[in-house]
Amino acid sequence: MNNRIELIKDDITTLDVDAIVNAANQTLRGGGGVDGAIHRAAGRELLQACIGLEGCDTGYAKITPGFRLPAKYVIHTVGPVWRDGHHGEPELLRSCYTESLTLATIEKCTSVAFPNISTGVYRFPKEQAAAIAIETVRTYLQEEEFPQKVIFCCFDDENYEIYQELLSDL
Ligand code: ADP
């Protein structure tokens with residue numbers, strides 16, 4: 001199992017994988033953080049493709065080509081904004097991971113990279129978000145052959161250290 005999960009600290013837009021996941025917002029029209037970085041790197045065609053998708057609800061995911069990115073696809077998922085943890089935030093975050101993985105399975109993606117969804121502007125506590133991400137991905141991979149590899153792509157040191165700790169306990 002562990003050889004199907006990888007941890008890296010990198011800019012997700014540079015990864016040569018089948019699909020990268022975008023921590024988007026409901027409009028799917030770009031934004032700050034990882035969303036902005038992905039749109040800048042993929043080019044204007046990504047925005048055009050996203051406009052055609054007519055938004056996305058929190059906890060769901062939609063897929064587009066990667067355009068100028070090395071990645072073949074971008075899977076756009078909308079994480080929950082953290083309020084107090086009692087507004088369905090953990091379940092919605094879990095759903096982001098399963099819905100994104102389901103799209104990756106449908107497209108027979110070999111490798112998929114996730115950013116740390118909701119842990120930036122959306123303020124989801126990083127420890128809890130990492131635990132949900134790892135548990136959801138592990139459970140999914142037990143059932144499915146594709147994607148063959150899931151990469152947790154951290155950008156900040158704090159998230160990277162949290163994932164290192166949690167993944168070393170497996
Ligand atoms: P959200 O609105 O879902 O919280 P953010 O983009 O604000 O989304 O933050 C999500 C995570 O993405 C944060 O942990 C942030 O460090 C990370 N991040 C920002 N830029 C990049 C990038 N280029 N590659 C990978 N991760 C990134």
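The values are calculated or read from the model by the stated rules, or taken from the named source; none is laboratory data. Since we're looking at a predicted model, the values are computed, not measured. Glycine gets a Cβ as well: all are built from the backbone with ideal geometry, and neighbour counts include every protein chain shown.
Overview of values
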| item | result |
| --- | --- |
| Residues being touching a Ser or Thr at 6+ places or on another chain (Cβ under 9 Å) and aliphatic (A, V, I, L, M) - total across the stretch 143-170 | 2 |
| Cross-chain or 6+ apart pairs with Cβ under 6 Å, the stretch 122-143 first and farther than 15 Å from LEU166 by Cβ, then away from the ligand (no atom under 16 Å from the Cβ) and of a type outside the set (Ser, Thr, Tyr) | TYR140/LEU101; LEU141/ARG4 |
| Single residue of TYR122, TYR160 found to be aromatic (Phe, Trp, Tyr) and in contact with a Gly (Cβ under 6 Å, 6 or more places away or on another chain) | TYR122 |
| Restricting the stretch 113-128 to residues that are over 18 Å from SER100 (Cα atoms) and near the ligand (Cβ under 6 Å from one of its atoms), the residue that is surrounded by the fewest Cβ atoms within 10 Å (Cβ to Cβ) | VAL121 |
| Subset of the stretch 145-159 (residues that are in a helix (DSSP H, G or I) and either surrounded by fewer than 19 Cβ atoms within 10 Å (Cβ to Cβ) or modelled with pLDDT under 95 (or both)) | ASP157, GLU158 |
| Every pair of residues 6+ apart whose Cβ atoms lie under 8 Å, when the first sits in the stretch 151-162 and is at negative phi while the second is more than 8 Å from the ligand (Cβ to nearest atom) and among the basic types (Lys, Arg) | CYS153/LYS9; CYS154/LYS9; PHE155/LYS9; ASP157/LYS9; TYR160/LYS9 |
| Subset of the stretch 28-84 [touching a residue at least 40 places away in the same chain (Cβ under 8 Å), out of contact with any Lys or Arg (no Cβ under 8 Å at 6 or more places or on another chain) and more than 18 Å from SER100 (Cβ to Cβ)] | GLY32, PRO70 |
